[in-house]
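This report refers to the structure that appears directly beneath it.
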Amino acid sequence: MNHDGEGVGRVEGFTLFIPGALPGEKVRVKVLKTKKQYGYAKLLEVVEPSADRVAPPCAIYDKCGGCQLQHLSYAGQLAWKRQHVIDALERIGKLPVAGAASAAPREGGVAAATGAAAPAPDAAAAPSTDARPGGAPATERAIVVRPTLGMDEPWRYRNKAQVPVGVTDGGLVGGFYARGSHRIVDMETCLIQHESNDDVVARVKSIARRLGISAYNEETGQGLLRHVVVKVGFRTGEMMLVLVTNGSKIPHEDEWISAIQREIPAVVSICQNINTRQTNVIFGDTTRVLWGREVIYDYIGDVKFAISARSFYQVNPVQTEVLYGKTVEYASLTGQETVIDAYCGIGTISLFLAQHAKRVYGVEIVKEAIEDARVNAELNGMHHVTFEVGASEDVIPQWKEQSIEADVIVVDPPRKGCDPRLLETILEMKPERVVYVSCNPATLARDLRILEDGGYRTIEVQPVDMFPHTTHIENVALLVRSDTGI
């Protein structure tokens, strides 16, 4: 399978990408499109199925683009995701991985170039020959990639629904975009969403139809309701509803609010976000509270967070605690360290680290996120945490000039990876440890290579399955300075 979860097969040496096909299967396909060295095909029949093939439980799985791996057993998903990480480290980062297959191109190099993977081993990487962190043999200095940390219950894990609204056959619909398009598939239930989110979305659509609210049309730019966004606190049960509208006026606003209050008592906040731009970006710049509170609250571990309409907050709180727990473990905090959290967002990782560190400094370029982070620090009585607005690569050198030296730097960048100047800054500051949290194995591998070339050594990478049944995989990587002797 390639990184998009498509099966990679061959006919007389010609490579075809086949959505829905699994490694080891024999399938009948219809070729849809060809290029010089590869093509795309549609799966017609599974002649010899994989032992990992399962029946997708979702009724609209073949139409919706939200999940890509429901036809693969959960154990198979976890193994494939680990192998995906190994492939990226070897091929992109040119980094040695303990117990991994060779990165040599397979069958003429076509599959290697497009990301096809060897069968993933079930066991952990090579056994340890000493007691060093991660257990990588001292003679190899190879990176240990741990088995993917999955969920006991890999369904109903999302705490946020962002549902596009449109018109189909003259009626208002809301659901998900069909795979590879902007055609909206109406949806009543989503098996990876919290059940409460399903209920709220269904009721809001019903109320909108009843009140004659118009749906937004992407092509014409006409119509009012663009998206319904629902957030739920897993621990608190509190819910927020955000109506994203193409204009500031909401017809029958009072009736909307009273109907929502009456039918969905768990909702403690109803907000409107105004987005009049012809864009596929969900939120506009203006948000107002229609009724109730400006925020809802939830917890990650023992840390309490205030979540506003536009706050970025991890969508899988169960696995977020696993991810952050591994981050704290890799940081090896004793309570005496100074930690810098680059790309700190609303302070989620910063405050998790602050439970175990002497000082924490967080930096984030989004002003509203830093305002939320300061509120969250105050909410938890954490006065040894400092947050600053700006680009990490600008702010961290300023801190260094103020004699702020970091023992540990934690980075959790967007999919594009770390800014090159931030990597240069890390190499100049020389913290003992770098903990890299990543949502993209390709840019993780690229950045690890740069840090390794600059004097760091990657000890261990831990994949964490934050998004079961999709191709996405989070990782936490531990790096130490090569001169530490660890």
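No value in this document is a laboratory result; all are computed from the given coordinates. Keep in mind the model is a prediction, meaning the values are calculated, not measured. Every residue, glycine as well, gets a Cβ built from its backbone with ideal geometry; the counts of neighbours run over all protein chains shown.
Given a Förster radius of 30 Å and the C-beta distance between Thr168 and Lys42 as r, what FRET efficiency does 1/(1 + (r/R0)^6) yield to the nearest 0.05?
Working from the Cβ atoms, E equals 0.80.
Pairs to check: Lys35/Lys81; Lys160/Lys367; Lys94/Lys416; Lys33/Lys63. Give those whose C-alpha atoms are more than 24 Å from each other in this structure.
Flagged as over cut-off: Lys35/Lys81.
For segment 236-251, take each phi angle, set θ = phi - 60°, evaluate the Karplus expression 6.51 cos²θ - 1.76 cosθ + 1.60, and give the result in whole Hz per residue in order, putting x for glycine and proline.
These are the phi-based 3J(HN,Hα) values: 8, x, 6, 10, 10, 10, 10, 9, 8, 10, 8, x, 8, 8, 10, x Hz.
Considering only DSSP beta bridges with both partners in segment 373-486, what is the antiparallel share in %, to the nearest 5?
Taking every DSSP beta bridge with both residues in segment 373-486, the antiparallel ones total about 80 percent.
Using θ = phi - 60° and the Karplus form 6.51 cos²θ - 1.76 cosθ + 1.60, what ³J(HN,Hα) does each residue of segment 4-13 get, whole Hz, x for Gly and Pro?
8, x, 7, x, 10, x, 9, 10, 6, x
Can you compute the charge dipole magnitude of the chain about its Cα centre, using +1 on each Lys and Arg Cβ and -1 on each Asp and Glu Cβ, nothing else charged? Give it in debye, rounded to the nearest 20.
Here the size comes out at about 1200 debye.
Dipole of the chain (Lys/Arg Cβ +1, Asp/Glu Cβ -1, origin at the Cα centre): which of Leu191, Val389, Pro431 lies farthest to the positive side?
Leu191
If amide H atoms are built 1.01 Å from N in the plane of the peptide, which residues on other chains or at least 5 residues away come under 5 Å of the amide H of Val464?
Amide H to amide H, under 5 Å and 5 or more residues apart or across chains, Val464 pairs with Leu149, Glu474, Asn475, Val476.
In the chain, what percentage of the DSSP-assigned beta bridges are antiparallel, given to the nearest 5?
Approximately 65 percent, going by the DSSP bridge assignments.
Taking 1 over the mean of 1/r across every pair of different Cα atoms in the chain, what Kirkwood radius in Å do you get?
Evaluated over the chain, this radius sits at 24.3 Å.
5 Å is the cut-off here: which amide hydrogens, built 1.01 Å from N in the peptide plane, fall below it relative to Val185, excluding neighbours closer than 5 in sequence?
When sequence neighbours closer than 5 places are left aside, the close amide H contacts are Phe176, Tyr177, Ala178.
By average Cβ neighbour count within 10 Å, what is the ranking of 297-306, 458-467 from highest down?
458-467, 297-306
Enumerate the amide H contacts of Tyr456 below 5 Å, restricted to partners 5 or more residues apart or on another chain; note that Pro and chain-start residues carry no placed amide H.
Amide H neighbours of Tyr456: Ser482.
Of all DSSP beta bridges in segment 1-51, what percent run antiparallel (nearest 5)?
Here the share of antiparallel DSSP bridges comes out near 80 percent.
For the chain, return all DSSP H helices satisfying: extent of Cα atoms along own axis at least 30 Å; mean Kyte-Doolittle hydropathy at least 0.0.
none
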